[in-house]
Structures are given as structure tokens and as C-alpha cells.
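Notes to accompany the following structure.
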Amino acid sequence: MSEPVNNLPVIHVRGLQKSYGRFHPKAVLKGVDLTIPAGTVMGLVGTNGEGKSTLIKCLLGLLKPTGGEMRVFGEDPWNLSPATKARIGYVPQEPSLLPWMTVRQQLAYAAAFFPNWDAKFAADLICRWKLPWDERVGPLSLGQKQKVAIVLALAHRPELLILDEPVASLDPVARRKFLESLMQATADGERTVLFSTHITSDLERIASHVAILKDGRIVVCEELDQLKDRVKRLRILAGQELPRSFAVGGALRTEINGRSALVAMATVEDGLVEELRTRWNADVSVEDLNLEEIFMELHLD
Amino acid sequence: MQVTPLQFEVHPSSGVPIYRQIMDQVRALIAGGKLATGDVLPSVRQMAAELGINMMTVSKAYSKLEADGVVSRSRGQGMVVDEPGCVGSVSDRRRELQPFAEQLVVRGIQLSLTDEQVLTVVRNSQRELRETQSA
């Protein structure tokens, strides 16, 4: 490759496919395209069972894809070199810890694997989250285990952090603290984060980019701000009954009820609102949508 | 005068991107006399930490305000509020105000206020704002 290494996207996926089952294969990923440049904080959303975890596990080389092409730091995830593995931090959906160790032992154990282990940073996080240093990991609550797993994933200061539903079992206070720590850990703007979640408000707080996985493909992958600036909902109240055939070109979804209509638009071209106003003698208001609403609009058809 | 991040209120789950919320609030603080020419905005790091948002989002808001001529980057100080200037022609600026006027008019009708009574409300708030600015 002629490009310098630091210009390469951290994650590059083309046409990724993954099916489960040998005799009656069920396709989960049907051609995923995803490019994540360095410094991006990318939130991955999708309904349950859409394949978010499958995608993440393929990226980490924990699952072998059925087809397509993948590169993580320029390497094939199925054959990652140890040096590249050390640049990645991963928090699985269900934390896998060693239940007989104390928190202190668990940290010391993990530290031995990583040359870049930042013990001070790890200790700060343990204190910040009020985790018990000398209690065994096994009996801790799910939320506390999750926090330990997050500390383990952050403490070697990875360049790429991959989190699968990291906050699903945390309470709102812990979620907020986690997000703050994540922001601190990535504050130099050089670290890349990919996290899956179904809590869109967390994503909106910290993500720079959003990717939406639907029907086995990435249907949206762009800057969050750009997405919000682009997708709008038109609320129309016409002077007369709207015909059933009422349609606006490029609509994501249309709902008609007598004189009024709701139309979700992927983009609102200049002049469209004015045109609708004159053509239907209508009041037209343009509504901003948050991520949850955009997500719903993409799934309601 | 010094504003702190606590004077900002961001709603991550609003349909309005966070960077635009920050831009609007800086403009509102200037219009309300709470930020004057030469005042310094809180640092990007401070804002991000206090509001619990991504630093890139704050940088983006500040850069766009700079491009709009509202603030300028000053070495060692951060973002400094500029001399208030007019951006765009009178008709552009009027068009920008139009939607707010529509809201006001509709609300006035809902409250059964006469046109004159609505205008009185507008004049009163203009006067109040001028008084707080000069105080």
C-alpha cells in the first residue's frame, strides 16, 4: 500500500457477511460496509438481534466471518499480531473476569499482559467508581463487574477501544461517570472508540459519529451532527383533505390523516417547504429529530 | 465578566445538535449582556468536562462562532468575544427572526390578546433588556 500508515482508517470493513449454522444457515450480517478513521467516537445502534455483537466479535477476531473483507490497523482480525492486539481494548457485553480473584489481584493479573499498563489511571478509576480493592470479583454485582471490566479495558491506554453495550447494566449515575471517564481517556483526540448501545441519549452525548445497523447492513454511517441537520419531519396541515396518493419525493415515511400529514425526510431540499405550502395551501412546520426519533423513522415503514 | 460552563444547558437528546445549542447560547448570552466584548469563553476542556460531552463538539461550536465573527481565538487566552457586528443583510436578518415572530403571533391569538397588546409585550421586553444591558 502506498498510503502512509497513519492515514489508514483504524477499521475498514467491506461486504462483511456472517451466517450461523451449517445446514440451515441464518445470515446475520449481509454485507456490512464500515470505515472508522482514527480519532472517531462511533456509536453503533441497531435493534436487538440485529448483529451488533456479531460485527464486534468479527472485528476482534473472535468470530470468523463467512465472507467479505476486514482490516483493523491494516491487519486481518483473524490473524492479529500480538503488537496490534495490545493496541486494542475490549469490553464484552458480559464481563469475563476471574471470580476467585480480588479486584486488586485481577488488576495485577491483567497488568502483566500489557507493557503500557497505566497503574495510576487504573487506581484512579477504581477509587472514582468506589470499587472494593480487596473483595473477590465473583460476588460483585453485575454493574460492579462491568466497571472492573471497563477499567481493565482502559488501563493499557488502547488506541482503539471497542465496547459492546458497555453501560447496559449500569445505573444512571454510574453511566454518567463511565461516559466522563471514557471522554477523559480519549481526550487527546487520537483514540478511536466503537461502542454499541441501545441507549441513544448516551450516544448523543459523546459520539462524534453514528452507524445504524439494520437488516444485516449499515444503513447510516455519518457524523451525528450532520445526521441531525439532515433528517427532518414535516408536519403538514393542508387547506383541504389530502388525497391518499399524497407523497413527497424522497420521503422515509408518510402518515396521512384527513387534512394533516407527517412526512419524515432524509433531507429537505431548499424550496420544498415553500412548494408544499403553495401547492396544498398548507401550514408546514419542520421538526428537528433526535437520534431515537430518527432511529424510529428508519424502522417504522 | 466571566461565564462558567454552568451557565450553559445542553440537551444531548434534542433534535438540535449539541454544537448548535452551544452556539445559540453564546449568542443569547451576548444579546442578554451577560457576555461583553473582550470576555473569555470557558475553555473547551472545561466545557466538555462540566457538561459531560465530547471535546470535539465544543471545539466545533467555538470554531463556527469564530467563522461567524462572534468570537476570535486569542493566543493564551482562548476564545474572546468580538465587537458586536452585523452578519448578513437586513433582509437576511429579518428572515431569521421571522419564525420567532410567527410563534409570538400565534401564542398571542391563543391568549386572546389584541395586536396592540402583543406589541406592548414586545416593547416592554425590549426596554427591560436595554435596562439590564446598561446596568
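The values are calculated or read from the model by the stated rules, or taken from the named source; none is laboratory data. Remember, it's a predicted structure, so these values are computed and weren't measured experimentally. As a convention, Cβ positions derive from the backbone with ideal geometry for all residues, glycine included, and neighbour counts pool all protein chains shown. For accessibility, only protein heavy atoms count, side chains too; no ligands or nucleic acids. Shrake-Rupley method; radii C 1.70, N 1.55, O 1.52, S 1.80 Å.
Please list, ordered by chain and number, the residues whose modelled amide H lies under 5 Å from the amide H of A:Val91; skip anything fewer than 5 residues away on the same chain.
Residues meeting the amide H criterion: A:Ile162, A:Leu163, A:Asp164.
How much accessible surface area, in Å² rounded to 10, belongs to the heavy atoms of A:Ile218 with a 1.4 Å probe?
A:Ile218 has an accessible surface of roughly 30 Å² with all protein chains in place.
How big is the accessible area of B:Ser43 in square angstrom, nearest 10, if you roll a 1.4 angstrom probe over the protein chains?
About 50 Å², ignoring ligands and nucleic acids.
Probe of 1.4 angstrom, ligands and nucleic acids ignored: what's the accessible area per residue over chain B, in square angstrom? Show your work: numbers first, answer last.
Values: 8720 Å² over 135 residues.
Computed with neighbouring chains in place, this is 65 Å² per residue.
Report, by chain and number, residues whose modeled amide H sits under 5 Å from the one on A:Leu63, excluding near sequence neighbours (fewer than 5 apart, same chain).
A:Cys58
Provide the net charge surrounding A:Ala86, with neighbours chosen by a C-beta distance below 15 Å and charges set as Lys +1, Arg +1, Asp -1, Glu -1. Don't skip to the end; give the middle numbers.
Working: positive: A:Lys85, A:Arg87, A:Arg157, A:Arg191; negative: A:Glu75, A:Asp118, A:Glu159.
Neighbour charge sum, excluding A:Ala86 itself: +1.
When you look at the Cβ of every residue in B:15-24, what mean number of other chain Cβ atoms sits within 10 Å? All intermediate terms of the calculation are to be shown ahead of the outcome.
Details: counts 13, 6, 10, 5, 4, 4, 0, 0, 0, 0.
Taking all residues of B:15-24 together, the mean is 4.
Using a 1.4 Å probe on protein heavy atoms only, how many Å² of accessible area do A and B hide from each other, summed over both chains and rounded to 100?
Details: alone 15340 and 9490 Å², together 23350 Å².
Interface between A and B: roughly 1500 Å².
Based on the mean of other Cβ atoms within 10 Å per residue, sort peptides A:188-196, A:135-143, B:104-112 so the most packed one is first.
On the way: A:188-196: 19.4, A:135-143: 14.0, B:104-112: 11.4.
Packing order, densest peptide first, comes out as A:188-196, A:135-143, B:104-112.
Which sequence of B:Arg95, A:Arg128 reflects their accessible areas, 1.4 Å probe, from the largest down?
Numbers: B:Arg95 155, A:Arg128 80 Å².
Final ranking, largest accessible area leading: B:Arg95, A:Arg128.
A:Ser169 accessible area, nearest 10 Å², 1.4 Å probe?
Approximately 40 Å² for this residue.
Which percent, nearest 5, of DSSP beta bridges in the protein assembly as shown are antiparallel? Don't skip to the answer; put the middle values down first.
Working: 44 of 61 bridges.
Once the DSSP bridges in the protein assembly as shown are tallied, antiparallel ones form about 70 percent.
Give, ordered by residue number, each residue of the range A:258-295 whose 1.4 Å probe accessible area is reduced by a minimum of 10 Å² on adding the remaining protein chains to the chain alone.
The answer is A:Asp288, A:Asn290 - residues whose exposure falls by at least 10 Å² when every protein chain is included.
At a 1.4 Å probe, what is the % contribution of carbon and sulfur to the accessible area of chain A? Each step should come with its number before you reach the end.
Values: 7300 of 14630 Å².
The computed percentage sits at 50.
With contacts defined as alpha carbon pairs under 8 Å and 6 or more residues apart, what's the relative contact order of the range A:1-139 in percent?
21 percent.
Summarise the accessible area of the range B:29-101 (1.4 Å probe, protein heavy atoms) by the percent that is carbon and sulfur. Don't skip to the answer; put the middle values down first.
On the way: 2330 of 4300 Å².
C and S atoms contribute 54 percent here.
List nothing, just return the count: lysine pairs in the range A:69-149, 8 or more apart or interchain, with Cα separation under 20 Å. Mind dumping the intermediate values first?
Numbers: A:Lys120/A:Lys130; A:Lys120/A:Lys145; A:Lys120/A:Lys147; A:Lys130/A:Lys145; A:Lys130/A:Lys147.
Count of close lysine pairs: 5.
If you take each beta carbon of peptide A:227-234 and count the beta carbons of other chains within 10 angstrom, what is the mean? Write down the numbers at each step before the final one.
Values: counts 1, 7, 5, 0, 1, 1, 1, 0.
Mean partner-chain Cβ count within 10 Å for A:227-234: 2.
Using Cα pairs under 8 angstrom and six or more residues apart, how large is the relative contact order of chain B, in percent?
Details: 117 pairs, mean separation 29.9, N = 135.
Reported as a whole number, the value is 22 percent.
Shielding by partners for B:50-60, please: the mean number of other protein chain Cβ atoms within 10 Å of each residue's Cβ. All intermediate terms of the calculation are to be shown ahead of the outcome.
Details: counts 0, 1, 7, 6, 13, 8, 11, 7, 0, 1, 3.
Across B:50-60, the average partner-chain Cβ count within 10 Å equals 5.
For the range A:32-67, list residues with backbone N below 20 Å from a point placed 7 Å from the Cα of A:Gln226 toward its Cβ?
A:32-46
Between A:Met296 and A:Thr267, how many nm apart are label points set 7 Å from Cα along the C-beta direction?
Label-label distance for A:Met296 and A:Thr267, simple model: 2.6 nm.
Take the alpha-carbon centre of the range A:65-115, take the same for the range B:1-48, and report the distance between them in whole Å.
40
Rank A:Ile256, A:Ile206, A:Ile199 by accessible area, highest first, at a 1.4 Å probe radius? Write down the numbers at each step before the final one.
Numbers: A:Ile256 65, A:Ile206 0, A:Ile199 40 Å².
Listed by decreasing accessible area, they come as A:Ile256, A:Ile199, A:Ile206.
Just how large is the dipole of the range B:1-53 about the Cα centre, in debye to the nearest 20, putting +1 at every Lys and Arg Cβ and -1 at every Asp and Glu Cβ? Don't skip to the end; give the middle numbers.
Numbers: 4 positive and 4 negative charges, 17 e Å.
In debye, rounded to 20, the range B:1-53 gives about 80.
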